[in-house]
Amino acid sequence: MPRSLLPVSLLFACGAALAAPAGSDAAAATREHFAPPGWEGSYRELHYSPVVRIGDRVIVSGIPTPDGADDEARARALFVELRKHLRSAGADLDDVVELQSFHVARDQAEFRERIAPVLKVHREFFKDHYPAWTAVAVSALYSKGATFELRAEAVIGSGKSPRATIGTP
């Protein structure tokens with residue numbers, strides 16, 4: 001696995017995956033671990049799962065920005081990589097219900113500058129029925145040279161008939 005693709009954090013996705021709502025049968029569901037091609041070292045060497053599936057729920061650990069010409073190109077490549085991670089467990093971008101992104105920035109001004117190209121690319125991949133999203137500024141990421149990292153949660157099949165009952169401001 002290229003050093004630039006090492007994740008920033010070794011998320012304990014397994015523990016989070018077991019925190020299912022009361023009454024769900026996630027406890028009876030099988031937990032499956034996936035690593036898209038090139039990410040096997042994450043599981044074998046770093047001891048974390050790039051992707052965990054519990055029933056219809058898919059958790060993707062943080063994916064750092066790959067090398068690229070600029071932040072927009074890096075963001076685009078990252079969303080393509082996210083799609084590969086999701087597909088390894090039978091999900092797709094339409095099934096994403098939550099994103100968390102971590103952006104290297106010293107202050108709010110730099111944070112807004114850094115997130116601008118990500119917002120632009122996000123609109124290309126999520127044209128309608130957007131996932132929940134939390135963006136956080138951080139001082140550093142695990143992967144050398146990474147400017148941001150993205151993690152996601154998806155529910156397989158949830159993207160088939162989405163609806164939004166949100167008024168216009």
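Since every read-out is calculated from the coordinates, none of them should be taken as a lab result. Keep in mind that what you see is a predicted model, and the values were worked out from it rather than measured. Don't worry about glycine lacking a Cβ; one is built from the backbone with ideal geometry, like all the others, and counts go over all protein chains shown.
Short version: ³J(HN,Hα) in whole Hz for each residue of segment 55-60, in order, from phi by Karplus 6.51 cos²θ - 1.76 cosθ + 1.60 (θ = phi - 60°), x for Gly and Pro, what are they?
x, 8, 8, 10, 10, 10
Determine, for Ser88, Ser139, the number of other Cβ atoms within 10 Å of each Cβ, and report the residues in order from fewest to most.
In order of increasing Cβ crowding within 10 Å: Ser139, Ser88.
Treating cross-link reach as a plain straight distance, find the lysines whose alpha-carbon is under 26 Å from the alpha-carbon of Lys144, omitting any fewer than eight places away in the same chain.
Qualifying lysines at Cα under 26 Å: Lys84, Lys120.
What is the order of Ile63, Ile115, fewest Cβ neighbours within 10 Å to most?
Listing Ile63, Ile115 from fewest to most nearby Cβ atoms yields Ile115, Ile63.
Looking at segment 70-143, what % of the alpha carbon pairs are farther apart than 19 Å?
On the way: 984 of 2701 pairs.
Of all Cα-Cα pairs in segment 70-143, 36 percent lie more than 19 Å apart.
Any chance you could run the full-extension gain for Arg83 through Ala28? It's 0.36 nm times the residue separation minus the Cα-Cα distance, nm to one decimal. Walk me through the numbers on the way to the answer.
Details: separation 55, 0.36 × 55 = 19.80 nm, distance 2.70 nm.
Length gained between Arg83 and Ala28: 17.1 nm.
For the pair Val136 and Ser161, how long in nm is the line joining their label points, each one 7 Å along Cα→Cβ?
So the label points at Val136 and Ser161 sit 3.6 nm apart.
Return the whole-Å distance between the Cα centroid of segment 35-109 and the Cα centroid of segment 132-152.
For segment 35-109 versus segment 132-152, the Cα centre distance is 11 Å.
Treating the beta-carbon of each Lys and Arg as +1 and of each Asp and Glu as -1, no other charges, what is the dipole magnitude of segment 45-92 about its Cα centre, to the nearest 20 debye?
Working: 7 positive and 8 negative charges, 58 e Å.
It works out to roughly 280 debye.
Place a +1 charge on the Cβ of each Lys and Arg in segment 41-169 and a -1 charge on the Cβ of each Asp and Glu, then give the dipole magnitude about the Cα centre in debye, rounded to the nearest 20. Provide the component values of the computation, followed by the final result.
On the way: 18 positive and 18 negative charges, 44 e Å.
That gives a dipole near 220 debye.
How big is the convex hull of the Cα atoms of segment 29-169, per residue, in Å³? Each step should come with its number before you reach the end.
On the way: hull volume 16.8 nm³, N = 141.
Normalising the Cα hull of segment 29-169 by residue number yields 119 Å³.
Given the options Val60, His103, Ala73, identify the residue whose Cα lies farthest towards the positive end of the charge dipole of segment 60-104 (+1 on Cβ of Lys, Arg; -1 on Cβ of Asp, Glu).
Toward the positive end, the furthest listed residue is Val60.
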